[in-house]
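Here is the structure we will look at.
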Amino acid sequence: MRKRREGFREARARLIRALETGRFNFEGDEVREGKNLLQSGEVSIEFVIALLSSCRGTEHTTSPHHFVPSSSCHIFKPVTKRVRWYIKCYFLDADTILISVHIAEH
Amino acid sequence: MKQVLKEHDTGAALCRTCRKQTKTTYLYRDFSLTTPKLRVRRVLVGVCDVCQRTLTVPWQSNERIQATVRAARARTETSGRIEARVPSDLYERLRLIAARLEARDEAFAHVMLRFYLSQLSRSAKFAGRVRRLSVVREGSRASQRVSLRVSGKLYDQALKQAQAQGVTDQSALVRGLISAAYEDVFTDCSPQRRAVLECLADATN
Ligand SMILES: [Zn+2]
């Protein structure tokens with residue numbers, strides 16, 4: 001039996017809600033080119049919400065955070081207009097930290 | 001409705017320095033960007049309570065940062081730059097003008113040259129005078145660099161007028177402008193312009 005993706009619906013709903021309310025953070029103390037297109041203003045909040053809304057459970061995974069491996073991140077890889085996107089975030093208490101929004105590398 | 005954070009609100013984040021989850025406090029800090037290179041003053045960011053590293057940039061602060069980036073990009077796209085090399089005796093004249101008017105050297109020189117550019121863009125007669133004064137004395141080497149950023153509109157109008165009067169390069173233009181200013185300040189040929197220069201000198205101090 002295929003393992004149910006861990007918390008897909010909850011994670012997606014939580015991220016969408018954070019985007020809608022504006023209560024979310026970008027990670028780090030710099031704006032790195034190409035890493036987060038929402039942060040650099042190249043895509044809109046509405047676009048990211050639409051991407052997430054079209055994301056399937058099979059396009060969601062979790063992975064250890066790169067500098068605190070005991071914490072896990074959610075990764076959404078939805079496809080729109082035949083382009084796959086990569087959206088990565090984590091949640092802590094009431095906070096949502098959005099790490100990446102960019103086109104997925106092949 | 002977007003929720004708005006304020007100073008001293010708290011949160012949590014994963015800290016790269018502490019290598020663990022820590023509590024954060026939202027504080028005002030200057031935020032630096034590399035492309036375009038600029039510094040945004042007093043941006044609300046999430047700071048690690050343990051090591052004081054900036055861990056997060058809330059959405060609302062990022063909106064401010066991006067607005068500043070857009071404004072900076074729009075400025076560079078619409079502005080023109082005058083780049084000139086002038087002989088050092090003219091450069092000294094710039095200094096003398098500032099000293100005579102008790103102005104701060106650098107800041108005043110830029111404001112004054114912009115004012116003279118705008119005078120030139122409005123008056124063919126003045127542009128003709130600038131051309132006469134732009135002639136280089138024999139044996140003077142253009143050793144000093146003068147660089148001036150002006151609005152795109154002023155840049156276009158001034159260069160058009162200068163060209164119509166036969167001033168075709170920016171170094172000649174700046175030589176003429178400095179010489180005209182020097183005459184205005186050290187002779188009585190234009191009391192009105194001299195009065196404006198005195199005001200500009202006060203304003204930049
Ligand atoms: Zn820390």
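Below 28 Å, Cα to Cα, which lysines can residue A:88 reach? Residues fewer than 8 away in the same chain don't count.
A:3, A:35, A:77, B:2, B:6, B:20, B:23, B:37
Counting partner chain Cβ atoms within 10 Å of every residue's Cβ in B:9-17, what's the average?
Taking the mean over all residues of the peptide, I get 5.
How large is the helix-only mean residue ellipticity at 222 nm for the protein assembly as shown, computed as the sum of -39500 (n - 2.57) over DSSP H runs with n ≥ 4, divided by its residue count, in deg cm²/dmol to the nearest 500?
The helix contribution divided over the protein assembly as shown gives -13500 deg cm²/dmol.
With charges set only on the Cβ (+1 for Lys and Arg, -1 for Asp and Glu), what does the dipole of the protein assembly as shown come to about its Cα centre, in debye to the nearest 20?
960
Does a label point 7 Å from the Cα of residue B:199, set along Cα-to-beta-carbon, have any residues of the range B:129-166 with amide nitrogen under 20 Å, and which are they?
Flagged as within label range: B:151, B:154.
Which of the three applies to the protein assembly as shown, rounded, prolate or oblate, going by the alpha-carbon gyration tensor with a ≥ b ≥ c and a/c under 1.5 meaning rounded?
prolate
Ignoring ligands, DNA and RNA, what percent of the accessible area of the range B:80-204 is carbon or sulfur (1.4 Å)?
48
If you roll a 1.4 Å probe over the range B:10-77 with all protein chains in place, what percent of the accessible area is carbon or sulfur?
Of the solvent-accessible surface of the range B:10-77, carbon and sulfur hold 48 percent.
Using Cα positions and a limit of under 21 Å, work out the lysines in reach of residue B:125, with same-chain residues fewer than 8 apart set aside.
B:153, B:160
Would you please calculate the Kirkwood hydrodynamic radius of chain A over all C-alpha pairs and express it in Å, rounded to one decimal?
About 14.0 Å for chain A.
What FRET efficiency comes out for the pair residue B:78/residue A:17, r = Cβ-Cβ distance, R0 = 45 Å, nearest 0.05?
0.70
What would the Debye formula give as log10 I(q)/I(0) at q = 0.18, 0.20, 0.22 Å⁻¹ for the alpha-carbon point model of the range B:84-164, no solvent?
-0.87, -1.05, -1.21
What quantity of accessible surface, computed with a 1.4 Å probe and excluding non-protein components, is buried in total between chains A and B, in Å² to the nearest 100?
Rounded to the nearest hundred, the buried surface is 2400 Å².
Per residue, what accessible area does the range B:1-152 have, given a 1.4 Å probe and all protein chains present, in Å²?
56
For the range A:1-76, with all protein chains present and a 1.4 Å probe, just round the carbon and sulfur fraction of the accessible area to a whole percent.
Answer for the range A:1-76: carbon and sulfur cover 50 percent of the accessible area.
I'd like the Karplus ³J(HN,Hα) series for the range A:78-88: coefficients 6.51, -1.76, 1.60, θ = phi - 60°, whole numbers in Hz, and an x wherever there's a Gly or Pro.
x, 10, 9, 6, 6, 10, 8, 9, 10, 10, 10
Answer rounded, prolate or oblate for chain B, using the Cα gyration tensor with square roots of eigenvalues a ≥ b ≥ c: rounded when a/c is under 1.5, else prolate when a/b is larger than b/c, else oblate.
prolate
With Cβ to Cβ distances under 11 Å as the rule, what net charge do the other residues near residue B:110 carry (K, R +1; D, E -1)?
Residues close to residue B:110 contribute a combined charge of +1.
Average projected area of the Cα convex hull of the range B:10-77, in nm²?
The Cα convex hull of the range B:10-77, projected and averaged over all directions, gives 4.6 nm².
Write down the accessible area per residue of the range A:8-103 in Å², having rolled a 1.4 Å probe over the full set of protein chains.
46
What average number of partner chain Cβ atoms lie no more than 10 Å from the Cβ of the residues making up B:116-127?
0
The values are calculated or read from the model by the stated rules, or taken from the named source; none is laboratory data. Because the structure is predicted, anything quoted here is derived from the model rather than measured. Here Cβ is always computed from backbone atoms with ideal geometry, including for glycine, and neighbour counts include all displayed protein chains. We work out accessible area using only protein heavy atoms, side chains counted, and drop any ligands, DNA or RNA first. Shrake-Rupley method; radii C 1.70, N 1.55, O 1.52, S 1.80 Å.
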